[in-house]
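The values are calculated or read from the model by the stated rules, or taken from the named source; none is laboratory data. Since the structure is predicted, the reported quantities are computational estimates derived from the model, not experimental observations. When we count neighbours, we look across all protein chains shown, and the Cβ atoms used for this are built from the backbone with ideal geometry, even at glycine. Accessible surface is based on the protein model in full, side chains and every heavy atom, while ligands, DNA and RNA are left aside. Shrake-Rupley method; radii C 1.70, N 1.55, O 1.52, S 1.80 Å.
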Amino acid sequence: MPKVRIAVQDPDDDVSRELTAEFLADIGERYERSGTTSAPALDLSELRAPDGTWLVMYDGDDPIGCGGLRRCDDHSAEVRRVFLRPAARGRNLARTMMAELEDVARRRGYRRIRLDTGDRQPEALQLYRTGGYHEIGDYNGNPYARHWLEKDLAPRPGDVRVVARKYDGRLHWHATMPRLGEDEHGVWLGATTHTPWRRGAEPAVFFPVAHVVLIPHEGDWVAAFNAAPHRTELYIDVSDRPVWHGPDEVVSIDLDLDVVRRRDTGTVELLDEDEFDEHRVLFAYPDDVVAGARRNAEELLAAVRAHTEPFGEASRPWLERMK
């Protein structure tokens with residue numbers, strides 16, 4: 001299966017011009033009956049570094065979408081010309097592109113991100129609203145727009161960055177989630193279908209159901225509990241002991257092995273033993289790490305099969321909060 005990737009490109013190269021022409025044709029078709037047949041003019045230099053950026057999304061080698069970012073002022077950036085080819089729609093890739101643009105804006109030091117849209121792009125408006133954007137007044141005088149929106153890029157109070165790294169230190173899965181609360185089992189964090197998860201530097205992905213993550217007070221693991229109807233009810237990453245770096249970041253070393261429980265059958269499985277065997281040689285896991293990971297996996301398998309808390313009903317009230 002081709003892999004989706006996002007590349008920084010020049011907005012005036014051949015691929016970008018082709019995508020932009022399709023974007024403008026799409027806008028023209030949507031608005032032709034309203035008398036609006038063109039999008040506002042755009043200075044392409046504004047979509048280049050250091051203040052702006054232009055991204056092209058690929059599925060394998062095939063360009064499937066684009067999106068840009070330009071400077072509004074010292075603190076604000078604006079999203080421009082987000083577009084997906086029709087064959088790429090319905091896969092949450094527009095949300096992936098938005099997450100990438102927001103990350104670029106954060107790295108450039110912008111505190112907020114803005115955009116506008118018309119009244120004949122309901123799917124775009126829904127994307128923005130569910131992605132955390134709220135309506136503001138007309139900030140750019142665009143005569144074709146009917147909605148102006150903004151999102152604060154700063155972390156919210158109570159947000160926690162969850163980071164998993166591999167044994168060699170490279171970044172693995174990571175996301176930022178709100179802290180829901182704490183009980184005798186650990187700290188519970190929440191994620192919706194709009195929460196971006198990233199593996200290393202890859203584009204964001206979005207899980208199809210709400211879920212909660214448990215960072216245990218004691219234990220060499222991190223657990224995710226998925227809401228119905230997801231087939232996997234419980235997914236536990238075997239790791240070292242998660243370490244808190246202040247109240248807003250927790251880091252663990254992922255040791256490959258995973259314990260899962262399937263919702264439909266109740267089957268409990270141990271996954272990725274082949275990856276564990278490969279990495280223990282590649283990264284030279286010490287003998288005590290190998291033995292500890294295997295012992296930990298066996299103990300987790302037994303606890304999950306027995307529905308020993310927190311792998312029984314403990315997650316239920318926390319998942320209820322995500323509805």
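Scan region 192-212 and tell me whether some residue there is under 17 Å from Val162 (Cα atoms), part of a strand (DSSP E or B) and out of contact with any helix residue (DSSP H, G or I) (no Cβ under 9 Å at 6 or more places or on another chain).
For region 192-212, residues under 17 Å from Val162 (Cα atoms), part of a strand (DSSP E or B) and out of contact with any helix residue (DSSP H, G or I) (no Cβ under 9 Å at 6 or more places or on another chain): present.
Being out of contact with any strand residue (DSSP E or B) (no Cβ under 8 Å at 6 or more places or on another chain) and assigned to a loop (DSSP other than H, G, I, E, B) is true for just one of Ala228, Ala291. Which residue is that?
Ala228
Between residues in region 140-163 that are more than 10 Å from Leu115 (Cβ to Cβ) and open to solvent by less than 50 Å² (accessible area, probe 1.4 Å) and residues that are charged (D, E, K, R) and in a loop (DSSP other than H, G, I, E, B), which pairs lie under 8 Å by C-beta distance while being six or more apart or on different chains?
Partner pairs satisfying both residue conditions: Leu153/Arg111; Asp159/Asp248; Val160/Asp248.
If a residue must be of a type outside the set (A, V, I, L, M, F, W, C) and under 16 Å from the mean Cα position of the chain (by Cα), how many such residues does region 108-128 contain?
Matching residues across region 108-128 total 1.
For Ala297, are the conditions met, namely being within 25 Å of Tyr167 (Cβ to Cβ), of a type in the set (A, V, I, L, M, F, W, C) and open to solvent by less than 20 Å² (accessible area, probe 1.4 Å)?
Considered against the rule, which asks whether it is within 25 Å of Tyr167 (Cβ to Cβ), of a type in the set (A, V, I, L, M, F, W, C) and open to solvent by less than 20 Å² (accessible area, probe 1.4 Å), Ala297 comes out as yes.
With the requirement that a residue be in a helix (DSSP H, G or I) and surrounded by 13 or more Cβ atoms within 10 Å (Cβ to Cβ), what does region 300-323 give you?
Within region 300-323, Leu300, Leu301, Ala303, Val304, Arg305, Pro317, Trp318, Leu319 qualify.
How many of the residues in region 214-253 are crowded, with 18+ Cβ neighbours inside 10 Å, among the aromatic types (Phe, Trp, Tyr) and over 19 Å from the mean Cα position of the chain (by Cα)?
Matching residues across region 214-253 total 1.
Within region 107-130, restricting attention to residues that are of a type in the set (D, E, K, R) and modelled with pLDDT under 95, which residue is most open to solvent (accessible area, probe 1.4 Å)?
Only one residue tops the list, namely Arg107.
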